[in-house]
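Before any comments, here is the structure.
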Amino acid sequence: MTGARRAVLWASGALALIGLSAAPASAQSSSAPDKELTKAAAEAEQQLHQTFTNLKFDDFGPAPVKGPIYQAVAGGKIIYYAPQSGHILFAAIYDKNGVNLTALAQDASTRRKLGAVDPAKALAIGPAGAPTVIEFTDPDCPYCRTLEKFWAAKEAEGKPVRRLIYFVSGIHPEAAAKAEHILCSADKAAEFKAIYAGATPKQLHKCVPGREKVEADADIVRQIGVSGTPTLIVDGRLISGFQQGELEKFLEQPKVPVKPSP
């Protein structure tokens, strides 16, 4: 069994166990006879196998979670909270049809937060009119540099994008200084590409507007809840990390031409 398969099995199975065994766990604190607990557990296990017929479960038993489970957002991520037993759950919930409900909730949360992003205040790289993505990036992030090579390759294929850049400066120690250097350069797009290609200027540019932009970007990063780089918002969906397959699909989608204003 591959690691990915085990992850899906855990995500689907473990959360199913939590939901279905909540009643036995709650009953355990009452005066119900053991035989009633055994019967409830057997019924829950049978329901589990009937609902998730495509998964194999190696073990079954009561979970420590009690009572209702609530959904919350912390650091831009969906989490689940069970106040009765004081548990926080970091997991993905799938329905019986295999739909990732956590991912859907994550996308909805991201769309609500898009109001914090003002495209006019972003560093725009790429031709106007091209498909647009919002990109949270770090000059010292190796995966961000891999993403930069990907965009360059797609541009060479005649598939450019317009990227609205926001810098994440709280992960690597020199990220803020390098971001300020880019923003203070005469040709920001050219310097961006040079830094992401590995250039190491002897002296980094500094300026008040650049520093203020880095600070403003950091505030947006906190509001959106970006915790890693690269993070992209594509068609209203949040993509964490360099997910080449997702980006390939986005670029292959037919784009509706923008009609000129009258």
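Those residues that are in a loop (DSSP other than H, G, I, E, B) and of a type in the set (A, V, I, L, M, F, W, C), I need them from region 57-74; list them, please. Full working, then the answer.
First pass over region 57-74, keeping only residues in a loop (DSSP other than H, G, I, E, B): 57-69.
Within region 57-74, Phe57, Phe60, Ala63, Val65, Ile69 qualify.
To keep it simple, each residue is scored yes or no on (1) surrounded by fewer than 20 Cβ atoms within 10 Å (Cβ to Cβ); (2) farther than 23 Å from Asp138 by Cα; (3) at pLDDT 90 or above; (4) not aliphatic (A, V, I, L, M).
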residue: Asp219; (1), (2), (3), (4): yes, no, yes, yes
residue: Gly225; (1), (2), (3), (4): yes, no, no, yes
residue: Thr231; (1), (2), (3), (4): no, no, yes, yes
residue: Leu238; (1), (2), (3), (4): no, no, no, no
residue: Glu246; (1), (2), (3), (4): yes, no, yes, yes
residue: Ser261; (1), (2), (3), (4): yes, yes, no, yes
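Out of region 131-147, which residues are open to solvent by 20 Å² or more (accessible area, probe 1.4 Å) and touching a residue at least 24 places away in the same chain (Cβ under 8 Å)? Walk me through how you get there before you give the answer.
So in region 131-147, the residues open to solvent by 20 Å² or more (accessible area, probe 1.4 Å) come out as 131-132, 134, 140, 142-143, 145-146.
Within region 131-147, Pro131, Thr132, Ile134, Asp140, Tyr143, Arg145, Thr146 qualify.
Scan the strands (runs of 3 or more DSSP E) fully inside region 80-154 and keep the ones with 1 or more residues being in contact with a Leu (Cβ under 9 Å, 6 or more places away or on another chain) and small (Gly, Ala, Ser).
Details: elements: 87-89, 123-125, 132-137.
Of the strands (runs of 3 or more DSSP E) lying wholly inside region 80-154, those with at least 1 residues that are in contact with a Leu (Cβ under 9 Å, 6 or more places away or on another chain) and small (Gly, Ala, Ser) span 123-125.
Looking at (1) part of a helix (DSSP H, G or I); (2) surrounded by 21 or more Cβ atoms within 10 Å (Cβ to Cβ), which is the one condition that is false for Ala194?
For Ala194, the failing item is (2).
Between Ile182, Ile165, Ile171, which is surrounded by fewer than 19 Cβ atoms within 10 Å (Cβ to Cβ) and in contact with an Asp or Glu (Cβ under 6 Å, 6 or more places away or on another chain)? Give the derivation first.
Working: Ile182 fails: surrounded by fewer than 19 Cβ atoms within 10 Å (Cβ to Cβ); Ile165 fails: surrounded by fewer than 19 Cβ atoms within 10 Å (Cβ to Cβ).
Selected residue: Ile171, the only one of Ile182, Ile165, Ile171 that is surrounded by fewer than 19 Cβ atoms within 10 Å (Cβ to Cβ) and in contact with an Asp or Glu (Cβ under 6 Å, 6 or more places away or on another chain).
The values are calculated or read from the model by the stated rules, or taken from the named source; none is laboratory data. Model, not experiment: these values are computed from the prediction. For neighbour counting, all protein chains shown are included, and Cβ atoms are generated from backbone atoms with ideal geometry for every residue, glycine included. When the accessible area is computed, the model is the full protein with side chains, heavy atoms only, and any ligands, DNA or RNA have been set aside. Shrake-Rupley method; radii C 1.70, N 1.55, O 1.52, S 1.80 Å.
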